[in-house]
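All remarks here apply to the structure that follows.
Read-outs: derived from the displayed coordinates by stated rules, not from any lab. No experiment lies behind these values; they were computed from the predicted model shown. No Cβ is skipped: glycine too gets one built from the backbone with ideal geometry, and neighbour counts run over all protein chains shown.
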């Protein structure tokens with residue numbers, strides 16, 4: 001076996017010597033090569049990244065950030081790991097129907113069993129405080145939507161009275177009518193102090209177009225016995241007149257009417273029509289109102305009606321292309 005101490009053969013020693021009679025790579029040549037290499041390095045160091053490459057890199061980075069934020073917003077599990085300012089702490093948006101302090105339940109929300117975006121379902125709010133401590137005070141409930149920041153008044157300021165008393169707690173009712181699906185946080189105020197908060201993940205409603213029904217001598221689309229309008233068809237971007245019909249108690253059908261709409265798979269609520277509504281029987285309904293409506297693009301839309309800020313009901317329609 002060959003070792004480092006073995007003598008080198010003659011032919012290997014001959015290869016170690018240059019094949020020229022005199023050196024071909026002089027000291028001056030070495031100096032020129034080193035100088036040229038140094039100048040080339042300096043030039044490359046000063047050269048800037050082409051603008052096109054810079055723009056492409058910036059665009060890719062922005063896209064990655066957008067995707068990351070979207071994934072965070074749609075993943076409660078990811079929110080528990082990564083908290084981003086602007087939507088609050090992840091714990092603030094963890095769904096819970098019961099609010100507790102120091103290990104003791106203080107507030108509970110019990111919403112209607114078929115609750116969904118766009119439809120009033122009703123809710124009971126149990127305050128685990130005896131009526132003797134709350135009677136005469138006021139209660140109000142506000143709600144905020146996580147993804148859009150939409151805020152609404154779930155329960156206007158209401159005086160707590162003795163008829164809200166149960167054995168060892170106090171109960172108030174609200175309409176629980178939310179225009180959008182997703183996480184909603186409800187803040188309950190008693191007097192000027194926060195009593196507790198509840199977070200509920202509201203499911204989306206069906207996007208099947210609302211059925212038609214007949215009232216009086218007219219066919220209309222909507223929810224029979226609740227609301228609907230005579231439907232000559234909706235074409236994107238083309239205003240038309242529609243006669244709305246409402247059923248309910250006089251106090252329900254008196255106030256400022258707001259008609260808004262949201263398109264399927266979006267969260268932008270657009271204004272459609274505003275007016276005053278008053279009871280007045282016509283075509284078998286308890287109140288009617290002629291309106292002019294126009295929706296900007298074809299597809300499925302949920303048209304929502306609110307009276308004095310409270311969602312009354314909604315109708316799903318298919319809007320045709322022009």
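Observations on the structure shown:
- One equal scatterer on each Cα of the stretch 197-238, no solvent, Debye formula: the resulting log10 I(q)/I(0) at q = 0.24, 0.33 Å⁻¹ is -0.89, -1.15.
- Arranged from fewest to most other beta-carbon atoms within 10 Å of their beta carbon, 93, 184 become 93, 184.
- Fraction of the pair-distance distribution of the stretch 90-202 above 26 Å, Cα-Cα pairs, percent: 15
- Counting neighbouring Cβ atoms within 10 Å and putting the fewest first, the residues 106, 276 line up as 276, 106.
- What the Cβ-Cβ distance of residue 320 and residue 91 gives, at R0 = 35 Å and to the nearest 0.05, is a FRET efficiency of 0.15.
- With contacts taken as Cα pairs under 8 Å and at least 6 residues apart, the stretch 90-202 reaches a relative contact order of 33 percent.
- Footprinting exposure proxy for 119, 294 (fewest neighbouring C-beta atoms within 10 Å first): 294, 119
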